[in-house]
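This report concerns only the one structure given below.
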Amino acid sequence: MLGTLIIGLLAGIVARLLKPGRSGLGIIMTIILGVSGSVVATYGGQALGVYQAGQPAGFIGAVVGAIVLLFIVEALHKR
């Protein structure tokens, strides 16, 4: 679990760097959303059998999950 949180932190930072445009969210909120998105994507991908723990695809899935969550929260935040 601690490893997933650390990967989530890194994935959140990478997701923010990869996501274009300016967000109205602060760095702390971005990191929290990154961790949340990566945890969901990591365990979701493992549960679906897409990848196993420790595989590089898990980090990629975590970054994608974090980006998706950032897009969703920013869209809701703009309303």
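Below, the figures for the structure above:
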quantity: MRE, 222 nm, helices only [DSSP H, n ≥ 4, -39500 (n - 2.57), over the chain, to nearest 500]; calculated: -27000 deg cm²/dmol
quantity: Theoretical gain in end-to-end length, L76 to I28 [0.36 nm per residue, Cα-Cα removed]; calculated: 15.5 nm
quantity: Pair Q55, L5: separation of 7 Å Cα→Cβ label points (nm); calculated: 2.6 nm
quantity: In degrees, nearest ten, helix 27-48 long axis to first principal axis of the chain (Cα); calculated: 30 degrees
quantity: On Cα atoms only, tilt of 2-18 relative to the major axis of the chain in degrees; calculated: 40 degrees
quantity: Helix 56-78 axis, angle to the chain major axis (alpha carbon atoms, nearest 10°); calculated: 30 degrees
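Each reported figure results from applying straightforward, stated rules to the coordinates on display, with no laboratory input. This is a predicted model, so every value here is computed, not measured. Neighbour counts are summed over all protein chains in view; Cβ atoms, including those assigned to glycine, are modelled from backbone coordinates with ideal geometry.
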